[in-house]
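The structure appears below as structure tokens.
The values are calculated or read from the model by the stated rules, or taken from the named source; none is laboratory data. Since we're looking at a predicted model, the values are computed, not measured. In this analysis, Cβ positions are derived from the backbone assuming ideal geometry, glycine residues included, and neighbour counts consider all displayed protein chains.
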Protein chains: 2
Amino acid sequence: MWHLYQFPLCPFSRKVRLMLAEKGVAHELRRVSPWLQDDDFADLNPAGETPVLVEESKGVVLIDSLAICEYFEETLDKAPLIPGTASNRAEVRRLVSWFDGRMHHEVVAPLMEERMKKRLISRAPPDTTELRKAMTAANGHLDYIDYLLDHRRWLAGPALTLADLAAAAQLSVADYLGGVDWRGHKQTADWYAVMKSRPAFRPLLAERMEVIQPPAHYDKVDF
Amino acid sequence: MWHLYQFPLCPFSRKVRLMLAEKGVAHELRRVSPWLQDDDFADLNPAGETPVLVEESKGVVLIDSLAICEYFEETLDKAPLIPGTASNRAEVRRLVSWFDGRMHHEVVAPLMEERMKKRLISRAPPDTTELRKAMTAANGHLDYIDYLLDHRRWLAGPALTLADLAAAAQLSVADYLGGVDWRGHKQTADWYAVMKSRPAFRPLLAERMEVIQPPAHYDKVDF
């Protein structure tokens, strides 16, 4: 049995959970709070970051969300999420890197810092300038997703891919933290409604952090 | 013919150049300065970041250094750089992510900001506190590479992999910018000497930025 060390609002944990569910890989969740500096977890992953996926009986430890996704892409034939030609696959990976890198850095990381970590760790109020910057950046990212969806059925082409999971994972955390204004982004909202309605996504959307509640529309498919 | 849009001190461009040279892929370099906001380059890559690899006659545009490396891993049999079992390959990708993510963020990005961008763009002096933090972080990364090399011949195992290229690419930029103190890191220095002596690495080490010169040991195999 695989055990996934993860944190509910970690977008990279969410991407891996969506991937495992889409591919039908049985796993149990183990919750880790990365900022608590858990020694056992640091022994598992020197980077101290979620997600880590472990199969104890086989001695397999997989670290880094993209490395985990590529592992299952290589070892399972079912439900390929990096499909197509080498060029198609490069486009999926470009977009995964865009959402995991750029969107995380500009939108999700600052929202987590201001709305979650400050509340849980330093008990400081959020910096409204940083929040405003993150929400403006979120709007730019929605514009880009609108643009992609003007040309394609899914973000990387005609089929659902890891790019859709990566984008939905980042967006869902931003949305939980109240950082997304959906007005004027019908294409992206329609695509996200379809993502939300997938069985893989439902358990994620049902989870709540103790001290931070999402906006009312967060888990609604029709929002 | 492939054209690589790159910047000499971009560690991700360097990783791709090392990969192309190790695999023997003919290519021409096109220099881009990412901070100049070149419109043609922005049309090519919305992220505005190097490297981008283009094969105009085939209409192929590859963006993101890892996506580029995976593309050639899939399309060429020669000189695999993500070799072995799925677990071996996951370990290579974990380390590539570590060097491209963590080492870049903690060491190379701040050195480039303080020692290069401030000089070229704002003509401001470097912030010595930031420089000291980056150099301390560099020392920690060398400790980790020492540790890996205590257990393995190359960084990810018994063979040269993309992890070695990623680490050497980041380290070479940090070293150019005077951010690496090699004392007390014999394992890493010996490994880096071997990397430097590879034909793939020589052209990179011979290049100079106009306004910033590297330390005397920078291109010496015996340093």
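Set side by side, the residues B:Leu149, B:Leu165 differ, and just one is touching a Cys at 6+ places or on another chain (Cβ under 9 Å), assigned to a helix (DSSP H, G or I) and of a type outside the set (Lys, Arg), which is B:Leu165.
Each residue in region A:70-117 was checked for being more than 26 Å from A:Tyr147 (Cα to Cα) and within 11 Å of chain B (Cβ to nearest Cβ), and 7 of them qualify.
Does B:Leu18 satisfy the criteria of being buried (at least 22 other Cβ atoms within 10 Å of the Cβ), of a type outside the set (Val, Ile, Thr) and free of Cβ contacts under 8 Å to residues at least 12 places away in the same chain? Judged against the criteria, B:Leu18 is not a match. A search for C-beta distances below 9 Å between a residue of region A:88-110 that is under 12 Å from A:Leu155 (Cβ atoms) and any residue that is crowded, with 23+ Cβ neighbours inside 10 Å and basic (Lys, Arg), counting only pairs 6+ apart in sequence or on different chains, returns A:Val96/A:Lys15; A:Phe99/A:Lys15. Within region A:42-69, the set of residues being polar (S, T, N, Q) and within 12 Å of another protein chain (Cβ to nearest Cβ) comprises A:Asn45, A:Ser65. On inspection, B:Val108 passes the criterion of being in contact with a helix residue (DSSP H, G or I) (Cβ under 8 Å, 6 or more places away or on another chain), more than 20 Å from A:Phe72 (Cα to Cα) and of a type in the set (A, V, I, L, M). Annotation: A:Lys78 fulfils all but one of (1) modelled with pLDDT of 95 or more; (2) of a type outside the set (A, V, I, L, M, F, W, C); (3) touching a Lys or Arg at 6+ places or on another chain (Cβ under 7 Å); the unmet one is (1). If only residues of region A:111-154 that are free of Cβ contacts under 8 Å to residues at least 40 places away in the same chain and of a type in the set (Val, Ile, Thr) are counted, the one that is surrounded by the most Cβ atoms within 10 Å (Cβ to Cβ) is A:Thr136.
For region A:13-32, a residue qualifies if it is outside any helix (DSSP H, G or I), more than 14 Å from chain B (Cβ to nearest Cβ) and more than 22 Å from B:Tyr144 (Cβ to Cβ), and the qualifying residues are A:Gly24, A:Ala26, A:His27, A:Glu28, A:Leu29, A:Arg30, A:Arg31.
Go through the residues of region A:107-130 one by one and say whether even a single one is closer than 27 Å to B:Pro51 by Cβ, over 17 Å from the mean Cα position of the chain (by Cα) and among the hydroxyl-bearing types (Ser, Thr, Tyr). There is no residue in region A:107-130 that is closer than 27 Å to B:Pro51 by Cβ, over 17 Å from the mean Cα position of the chain (by Cα) and among the hydroxyl-bearing types (Ser, Thr, Tyr).
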